[in-house]
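The values are calculated or read from the model by the stated rules, or taken from the named source; none is laboratory data. Keep in mind that this is a model prediction, so the values were computed, not measured. Glycine gets a Cβ as well: all are built from the backbone with ideal geometry, and neighbour counts include every protein chain shown.
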Amino acid sequence: MTGKKGRKVGKSLVNFQRQMVEFQKSTFDTTFDAIAGLQDRQEEMLNDMLEKGKLVPDEGKQIIEAWVDTFKKGREDFRDAVETSYNLVDDYFDRLEDGGEEDADEDE
C-alpha cells in the first residue's frame, strides 16, 4: 500500500513540477519573443535613420552594424542556453519518473 501510494504521489509531484517548468518556459518564450520583436523594430528604425541621415560616416555605420550583429548573436546564444537548460530539466523529470517506478517496484 505504501509503495503504490508513494509512487503515485511521487509521479503526481513530478508531473506538477513539470507543469510548473513548462509554464515558466512558455512565459520565457513569450517574453523573449516580445523583447526580440521590439529590438528588431529598433534595429529597423536605426537602419532607416542611418540610411537617410548623413551625420554618421561610413566607418560609424560599419561599427553600428557589427554591434547589432554581435547583439543578435548574443541574444540567440542566450535563447539556446535557456532552451538547453529546459531540456536538461525535462530529462531530469523523465529520469525521476523512470527511477521512481523502479525503486518502488524493488520495495514491494
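Yes or no, residue by residue, for (1) free of Cβ contacts under 8 Å to residues at least 60 places away in the same chain; (2) surrounded by 12 or more Cβ atoms within 10 Å (Cβ to Cβ); (3) polar (S, T, N, Q); (4) in contact with a Leu (Cβ under 9 Å, 6 or more places away or on another chain):
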position	(1), (2), (3), (4)
Gly10	no, yes, no, yes
Leu46	yes, yes, no, no
Gly60	yes, no, no, yes
Glu65	yes, yes, no, yes
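Matching residues to (1) modelled with pLDDT of 85 or more; (2) β-branched (Val, Ile, Thr); (3) farther than 30 Å from Asp48 by Cβ:
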residue	(1), (2), (3)
Asp69	yes, no, no
Lys72	yes, no, no
Phe78	yes, no, no
Thr84	yes, yes, yes
Leu88	yes, no, yes
Asp94	yes, no, yes
Glu101	no, no, yes
Ala104	no, no, yes
Residues in the range 13-28 that are surrounded by fewer than 13 Cβ atoms within 10 Å (Cβ to Cβ) and modelled with pLDDT of 95 or more total 6
Odd one out for Thr31, checked against (1) part of a loop (DSSP other than H, G, I, E, B); (2) surrounded by 10 or more Cβ atoms within 10 Å (Cβ to Cβ): (1)
